[in-house]
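Remarks on the structure that follows.
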């Protein structure tokens, strides 16, 4: 006998009659939803990990380029530094640019860099800004809406490299 109803419970605590198998049906209905949530969390984790790695590669390339103005124009060296930072990611593309500068008299305002010895700054020297962009493609394990195709993840870093 149960405390809440006066019906007799058969041995081993199993309900008899029309209630038999109710838990099995509930599990069968909820299992696909739980698996979708589980694999969705795994996909989200892989996506975030790749985004962190791609951004880290951009920072590594920018750090190499910021060592000197010669390194800032060494696109092969910047690409190698970025790819060495994330050796487990295949298909990483790296691009760099030193076309923007800023003047110490107006920090934050970007100007087009002048070719040495010309200088667009009215006072002081121009500071070259190295911009590194990295990209990688992420393909989800399970294609479900809205992720029905590959996703391009972009990393970006900008570091002042030197002045002239």
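Below, the figures for the structure above:
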read-out	value
Of all residues making up segment 120-150, the number that are farther than 26 Å from residue 63 by Cβ and either crowded, with 17+ Cβ neighbours inside 10 Å or in contact with a helix residue (DSSP H, G or I) (Cβ under 9 Å, 6 or more places away or on another chain) (or both)	5
Residue in segment 94-108 that is touching a residue at least 40 places away in the same chain (Cβ under 8 Å) and closer than 27 Å to residue 41 by Cα present	no
Residue 93 under 15 Å from the mean Cα position of the chain (by Cα) and closer than 30 Å to residue 38 by Cα	no
Test: residue in segment 34-49 that is over 20 Å from residue 137 (Cβ atoms) and either touching a residue at least 24 places away in the same chain (Cβ under 8 Å) or buried (at least 18 other Cβ atoms within 10 Å of the Cβ) (or both)	yes
Residue that is nearest to residue 83 (Cα to Cα), among those in segment 15-56 that are at pLDDT 60 or above and assigned to a loop (DSSP other than H, G, I, E, B)	21
Residue within segment 57-73 that is without any contact (Cβ under 8 Å) to a residue 60 or more places away in the chain, in a helix (DSSP H, G or I) and exposed (fewer than 15 other Cβ atoms within 10 Å of the Cβ) present	yes
Residue match in segment 82-97 (condition: part of a helix (DSSP H, G or I) and touching a helix residue (DSSP H, G or I) at 6+ places or on another chain (Cβ under 6 Å))	yes
Filter pass, residue 77 being surrounded by 10 or more Cβ atoms within 10 Å (Cβ to Cβ), under 28 Å from residue 125 (Cβ atoms) and without any contact (Cβ under 8 Å) to a residue 40 or more places away in the chain	yes
Scan of segment 110-164 for residues that are in contact (Cβ under 8 Å) with a residue 60 or more places away in the chain, closer than 19 Å to residue 94 by Cα and either over 23 Å from the mean Cα position of the chain (by Cα) or in a loop (DSSP other than H, G, I, E, B) (or both), ordered by number	160, 161
Hey, residue 107 assigned to a loop (DSSP other than H, G, I, E, B) and at pLDDT below 95 or not	no
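The values are calculated or read from the model by the stated rules, or taken from the named source; none is laboratory data. Just so you know, these numbers come straight off a predicted model, no measurement behind them. Virtual Cβ from ideal backbone geometry, glycine too; neighbours counted across all protein chains shown.
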